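Where a number appears in this text, it was derived from the coordinates with a stated rule and is not lab data. All of these numbers come straight from a predicted model, not from anything done at the bench. Every residue, glycine as well, gets a Cβ built from its backbone with ideal geometry; the counts of neighbours run over all protein chains shown.
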Amino acid sequence: MMYNLQAPKRIALVVPFRDRGPHLEKFRDRIQSHISSWATKGIKHMWKVFVVEQFDNQLFNRGYLFNVGFHFATLEEQKTGEKFDCVVMHDIDILPTPVVDYGWCQWPNQLSGEIEQGPLAKGSAGGVRENLALLGV
């Protein structure tokens with residue numbers, strides 16, 4: 001099947017978060033700007049952003065937060081009966097440029113500035129695939 005850039009997509013962003021309020025505000029503003037930019041091109045995707053916050057004083061567990069966010073995206077799909085076309089695991093300090101297309105990915109995708117995805121990482125997004133059983137998914 002060919003990818004149709006103009007077709008509306010359902011996109012879930014999963015964003016792990018703790019103690020970075022200014023980063024969250026800047027991220028929110030940039031994502032809103034990004035969505036508006038695509039809408040002016042006639043591309044009106046449906047976006048759902050899952051900000052998953054860690055409240056304890058333990059080491060920041062980004063992978064677990066990705067898993068929790070993916071679980072909530074799955075619950076959203078079940079509730080609405082509509083699957084997401086793309087689920088993006090997104091670090092809060094990665095800000096999209098207007099040319100980034102979030103509407104196409106074959107499996108959950110991870111946008112991170114510190115991870116290089118090699119051949120062994122394909123089919124995995126922050127441990128999501130391996131740990132879904134722990135979440136009861």
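Taking region 23-67 and a reference point 7 angstrom along Cα→Cβ of residue 93, the backbone N atoms nearer than 12 Å belong to 23-24. Excluding same-chain neighbours fewer than eight residues apart, the lysines reachable from residue 79 by a Cα-Cα span under 21 Å are 9, 48. Relative to the current alpha-carbon distance between residue 5 and residue 78, full extension at 0.36 nm per residue lengthens the span by 23.7 nm. Each residue, residue 100 and residue 56, gets one label point 7 Å from its Cα in the Cβ direction; the gap between the two is 3.0 nm. Peptides 44-52, 87-95 ranked from most to least packed by the mean count of surrounding Cβ atoms within 10 Å: 87-95, 44-52.
Each residue of region 61-68 was assigned a 3J(HN,Hα) from its phi angle through the Karplus curve 6.51 cos²θ - 1.76 cosθ + 1.60 (θ = phi - 60°); the sequence is 10, 4, x, 5, 5, 4, 4, 4 Hz, with glycine and proline shown as x.
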